[in-house]
Amino acid sequence: MITSVPSQPAVGPSVPQRTCVACRQVLAKRQLVRIVRTPSGRVELDATGKGAGRGAYLCPRRSCWEEAVRRRRLQRALKTPLAEEDAAALRDFANSLSDEVRP
């Protein structure tokens, strides 16, 4: 007797995954902070996660933000140099973060 095998297992909806450009940890997209290079060339935080432009993701930990700026990982991921005023805005945001790992 031949039994049929389901084509896909019955599981819940898939959760989009993204990688932190600093620590390379893969997390759910909603757990990361998106930085976007806008069509005008500015680099800024994307609070909605849906802004137009090339994006990069970072963990909400200060150490990841410091490493991303220090090692130029944001510039590489966004394929653009980081203007001083944009870097200052990102540093201000990073200073509001803690280094605790959130669940």
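Could you tell me what percent of the DSSP beta bridges with both partners in the chain are antiparallel, to the nearest 5? Mind showing how you got there, number by number?
Values: 12 of 13 bridges.
Once the DSSP bridges in the chain are tallied, antiparallel ones form about 90 percent.
Quick check: residue separation of SER96 and ARG62 times 0.36 nm, minus the Cα distance between them. What number comes out in nm?
Working: separation 34, 0.36 × 34 = 12.24 nm, distance 0.81 nm.
Here the segment from SER96 to ARG62 would lengthen by 11.4 nm.
Just subtract the alpha-carbon distance of ALA52 and ARG70 from 0.36 nm times their residue separation and send over the number in nm, one decimal. If you can, show how the numbers build up before the last one.
Values: separation 18, 0.36 × 18 = 6.48 nm, distance 2.55 nm.
Full-extension gain reported as 3.9 nm.
Taking neighbour counts of Cβ atoms within 10 Å as a proxy for exposure, in what order, fewest first, do ARG37, ARG18, ARG30 appear? Intermediate results must be reported in sequence, preceding the final value.
Numbers: ARG37 24, ARG18 19, ARG30 9.
So the ranking, lowest neighbour count to highest, is ARG30, ARG18, ARG37.
Can you compute the label reach from ALA83? Point 7 Å from Cα along the Cβ direction, backbone N cut-off under 17 Å, restricted to segment 43-61.
43-46, 52-54
Mind computing the radius of gyration and Dmax over the alpha-carbon atoms of the chain? Å is fine for both.
Considering the chain through its Cα atoms, Rg and Dmax are 17.6, 70 Å.
So if I place +1 on the C-beta of Lys and Arg and -1 on the C-beta of Asp and Glu, and nothing else carries charge, what would the dipole magnitude of segment 18-95 be about its Cα centre? I want it in debye, nearest 20.
Numbers: 18 positive and 8 negative charges, 96 e Å.
About 460 debye.
What order do you get for ASP86, ASP99 when you list them from fewest to most C-beta neighbours inside 10 Å?
Details: ASP86 20, ASP99 10.
Listed from fewest to most nearby Cβ atoms, that is ASP99, ASP86.
Kindly put LYS29, LYS79 in sequence by how many other C-beta atoms sit within 10 Å of each C-beta, fewest to most. Don't skip to the answer; put the middle values down first.
Numbers: LYS29 12, LYS79 9.
Placing the least packed residue first, the sequence is LYS79, LYS29.
Can you find, among ALA47, VAL21, LEU58, the residue sitting farthest towards the positive end of the charge dipole of the chain, where Lys and Arg contribute +1 and Asp and Glu -1 at Cβ?
Of the options given, the answer is VAL21.
Every read-out reported here was derived from the displayed coordinates using simple, explicitly stated rules and does not represent laboratory data. Just so you know, these numbers come straight off a predicted model, no measurement behind them. Using ideal geometry, Cβ is built from the backbone for each residue, glycine included, and neighbour counts are taken over all protein chains shown.
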